[in-house]
């Protein structure tokens, strides 16, 4: 049977401001997000039986039951569409888990896009966002990638064009940081929240920016909160800058740190240097990927535990 393949890119937060707490207990966010050419890959295939979803992954530590965001996305799509189908989904996992790179959210978005195509639903991006925002705060962004300002809980997405080309070196220190814990650290480290700087407010109304405009504005509110317990993150930032990065920053609530490089050769050299420390995993990729799209593909071996 026909198999649909969807690439699911990682993201970095070029800017991440954590603002006031909402009545629902979540925080309002303001973030400039950008995809990176490090991608998971999903293969989706309909089956003729009635056994429901069979989810598999080549990363054995990733749960493939109802805890997986892909499984939750499938359930939400079928509920909204009023359908009951059986299908196989296989995840080829490349994005580090718990690294602040949005891998699970990107996989969920890819599942929604894939099902939209496979089932002929004809949903618009806004309709897919309505499903995705139930799954996770980062999911809506991926329907408007490669670059966008994201606000609220993540449901307000304003795509923009980021002119020029850059390369990104991602350095995962070898351990995850739990998102809820990071927010608790952040809340305990500050007396209140500052208003959004005027410079960021002006960005939200623009449709096009250059890297030279963005790089001086790069910041992440989690960095100062995590510094006392995770000094290695600051050390990785300093190493990336020493290797020639124009800027380096924590992505999301961590633990991955990334550097922005003007040319591929310097980025590749930096990745090689950063990868020498035991326990680390370093990657290099172009900043920006094509929006999530589907293609027909040969079916992989679906192995379900």
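Table for the structure above
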item: Complete set of residues in the range 229-276 that are assigned to a loop (DSSP other than H, G, I, E, B), within 19 Å of residue 98 (Cα to Cα) and touching a helix residue (DSSP H, G or I) at 6+ places or on another chain (Cβ under 8 Å); result: 229, 252, 253, 254, 255
item: Members of the range 58-68 found to be crowded, with 18+ Cβ neighbours inside 10 Å and under 18 Å from the mean Cα position of the chain (by Cα), listed by number; result: 62, 68
item: Subset of the range 69-102 (residues that are without any contact (Cβ under 8 Å) to a residue 24 or more places away in the chain, surrounded by 14 or more Cβ atoms within 10 Å (Cβ to Cβ) and in a loop (DSSP other than H, G, I, E, B)); result: none
item: Exclusive hit being closer than 27 Å to residue 18 by Cβ, crowded, with 16+ Cβ neighbours inside 10 Å and modelled with pLDDT under 95, set 259, 252, 288; result: 288
item: Every residue from the range 103-128 that is crowded, with 23+ Cβ neighbours inside 10 Å and under 21 Å from residue 28 (Cβ atoms); result: 105
item: Residue under evaluation residue 218, criteria (1) buried (at least 22 other Cβ atoms within 10 Å of the Cβ); (2) within 16 Å of residue 100 (Cβ to Cβ); (3) touching a strand residue (DSSP E or B) at 6+ places or on another chain (Cβ under 6 Å), criterion not met; result: (1)
item: Residues satisfying the stated conditions in the range 262-279, i.e. more than 11 Å from residue 244 (Cβ to Cβ), modelled with pLDDT of 95 or more and out of contact with any strand residue (DSSP E or B) (no Cβ under 7 Å at 6 or more places or on another chain); result: 272
item: Residue in the range 193-203 that is closer than 12 Å to residue 30 by Cα and touching a helix residue (DSSP H, G or I) at 6+ places or on another chain (Cβ under 8 Å) present; result: yes
item: Given (1) part of a strand (DSSP E or B); (2) out of contact with any helix residue (DSSP H, G or I) (no Cβ under 9 Å at 6 or more places or on another chain), index of the condition residue 24 fails; result: (1)
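The values are calculated or read from the model by the stated rules, or taken from the named source; none is laboratory data. Only a predicted model underlies this, so the values are computations on that prediction, with no experimental measurement involved. As a convention, Cβ positions derive from the backbone with ideal geometry for all residues, glycine included, and neighbour counts pool all protein chains shown.
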